[in-house]
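Okay, structure first, notes after.
The values are calculated or read from the model by the stated rules, or taken from the named source; none is laboratory data. As the structure is a computational prediction, the values presented were derived from the model and not from experiment. Methodologically, a virtual Cβ is constructed for each residue, glycine included, from the backbone with ideal geometry; neighbour enumeration extends over all protein chains shown.
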Amino acid sequence: MKNLLIIALLVGSFGCTKDIPPNLTPASVAAFQGTKVILALDVVRDAAIALADANVITRPESVKVVTFHKTAITVIHSTPNGWKPTVLAALDSTKSSLSVTTQNQLGHYFDLAKVLINEVTN
């Protein structure tokens, strides 16, 4: 129940397509949306680190998530108008590479990030 509350709050605060200032250029809209997605990916990374620190998931599993995060950020910055398919594929690949226990602990965070990425018009 606690996870669902956190996810509901995060979805409301990170919505990608809402509240885009109307005076932005297309490049600025892409940057704005990329930043919103990066914030969601930060939540996934931070959850993995916190769970590893609490010995709920293993350190190598946490490193997989952190590595994905770093790569996704690089892709978003490198291709501001074409990163979406690559990041979605990497998100799914990273999630499926984790143990069932880790997927159970982090799955909601991955799902949140995927919802937010899918909101982006990129």
>> Need pairs with beta-carbon distance below 7 Å; first residue at negative phi and within the range 84-95, second loosely packed, with under 12 Cβ neighbours inside 10 Å and at pLDDT 95 or above; sequence gap 6+ or separate chains.
In response: none
>> Just to be sure before I move on: is VAL56 part of a loop (DSSP other than H, G, I, E, B) and in contact (Cβ under 8 Å) with a residue 24 or more places away in the chain in the structure I sent?
In response: yes
> among the β-branched types (Val, Ile, Thr), in a helix (DSSP H, G or I) and out of contact with any Phe, Trp or Tyr (no Cβ under 6 Å at 6 or more places or on another chain): does that describe THR74?
Replying inline: yes
